[in-house]
1. In segment 82-103, what residues are touching a Pro at 6+ places or on another chain (Cβ under 9 Å) and of a type outside the set (Asp, Glu)?
2. For segment 202-217, check the following and say yes or no: at least one residue is under 30 Å from Ile40 (Cβ atoms) and loosely packed, with under 13 Cβ neighbours inside 10 Å.
3. Quick one: which helices (runs of 4 or more DSSP H) sit completely within segment 143-257 and have at least 3 residues that are over 22 Å from the mean Cα position of the chain (by Cα) and farther than 24 Å from Ile115 by Cα?
4. Show the residue pairs meeting these rules: Cβ distance below 8 Å; 6+ apart or different chains; first residue within segment 158-185 and without any contact (Cβ under 8 Å) to a residue 24 or more places away in the chain and on the phi < 0 side of the Ramachandran plot; second residue among the hydrophobic types (A, V, I, L, M, F, W, C) and surrounded by 13 or more Cβ atoms within 10 Å (Cβ to Cβ).
5. Take the residues of segment 41-62 that are among the acidic types (Asp, Glu) and touching a residue at least 12 places away in the same chain (Cβ under 8 Å): which is nearest to Glu118 (Cα to Cα)?
6. Determine, yes or no, whether Glu195 is surrounded by fewer than 17 Cβ atoms within 10 Å (Cβ to Cβ) and modelled with pLDDT of 95 or more.
7. When Lys124 is evaluated against the numbered criteria (1) over 18 Å from Lys41 (Cα atoms); (2) in contact with a Phe, Trp or Tyr (Cβ under 7 Å, 6 or more places away or on another chain); (3) part of a strand (DSSP E or B), which criterion, by number, is the only one it fails?
8. Taking interchain pairs and intrachain pairs at least six residues apart, which have beta carbon atoms under 7 angstrom, with the first residue in segment 66-95 and of a type in the set (S, T, N, Q) and the second part of a loop (DSSP other than H, G, I, E, B)?
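The values are calculated or read from the model by the stated rules, or taken from the named source; none is laboratory data. Bear in mind that the values here come from a model prediction, so they are computed numbers and not experimental data. Glycine gets a Cβ as well: all are built from the backbone with ideal geometry, and neighbour counts include every protein chain shown.
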Amino acid sequence: MKKHSRLKIVLICIAAVLGILFILAAIFYINLKSFTVKRIKTTDGQDIYLMGTFHTDHFDSLSNYSVEEMLNAIRHIDPDVVFIEAREEYYEKYGVVDGPVDMCITYCYCRDNDIPIEMVDYWKVDNDTYKQNTTTDDRDDHIHQNIMEKLNLYSDKRVLVVCGLGHLYPQVNRLRNEGFKDDSIPDVSGLFNSEGNNFEYPSSVCDIWEQRTLFYAQTYPESIQADETINDDVKSQWTVDENHGFYNSQMKYCDLFRADQLYR
């Protein structure tokens, strides 16, 4: 066989493989949301759903996972109670939902629809373990502990845990280690369908988001700056928002909320 013929065959094979990979990537992208919802059965047969979310990336159309679809999934799962990625201690102390933007939206949706809400996140600012905008095994261990404690309060209820995608599989694996079993979700892609309803953000979302913004702009940094056990390197990551740059950047989300606009 001539060299140019062999080269032609090799190029054709490479093109075929690349074509298959492209098709598989496209299928994965289209169905990505379907990998963000899991269902677990406890040893007593209780239903636990876990849904991984994209935080600020929900507002990027390229993510292929909108806030509307996130709320559709909550509606279709129809939980008796929702656990969210926010810290309970700061809600109790300041009345603030201190989680990411999709957690604030979820909180407001649940409040509008009379769904009980529990908060299960954990992290703290210290000199040893704190790293801004990261997750660790220790954090996921504490989140799991919080989930297990909350499950004891709702042993006969359908529970939905809403957390960032980075926590989804660590939490699923920890529940499996408790002896809980995976369960299938019929037509998981259908969870995200709107059924023709016009999208609206929950009624109180802008107020809840502003409370959260003020908490991180002023209240929380002030408490960290006043803590004599925290070193200057860590404190430098938590300066008070004196020029209102953080506040103004975060409040841009309220422009979307008021206009019921999904994407930036």
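1. If we filter segment 82-103 for residues that are touching a Pro at 6+ places or on another chain (Cβ under 9 Å), which is where we start, we get 82, 85-86.
The answer is Val82, Ala86.
2. No, segment 202-217 contains no residue that is under 30 Å from Ile40 (Cβ atoms) and loosely packed, with under 13 Cβ neighbours inside 10 Å.
3. Details: elements: 165-177, 205-214, 220-225, 232-235.
Per the criteria, 220-225, 232-235.
4. Every condition considered, no pair remains.
5. Restricting attention to segment 41-62, the residues satisfying the condition of being among the acidic types (Asp, Glu) are 44, 47, 57, 60.
Checking which are touching a residue at least 12 places away in the same chain (Cβ under 8 Å) leaves us with 44, 47, 60.
Details: Asp44: 21, Asp47: 16, Asp60: 28 Å.
Within segment 41-62, the match that is nearest to Glu118 (Cα to Cα) is Asp47.
6. Working: surrounded by fewer than 17 Cβ atoms within 10 Å (Cβ to Cβ): yes; modelled with pLDDT of 95 or more: no.
In short, no.
7. The number of the failed condition is (3).
8. Cβ pairs passing all conditions: Ser66/Leu262; Asn72/Asn193; Asn72/Ser194.
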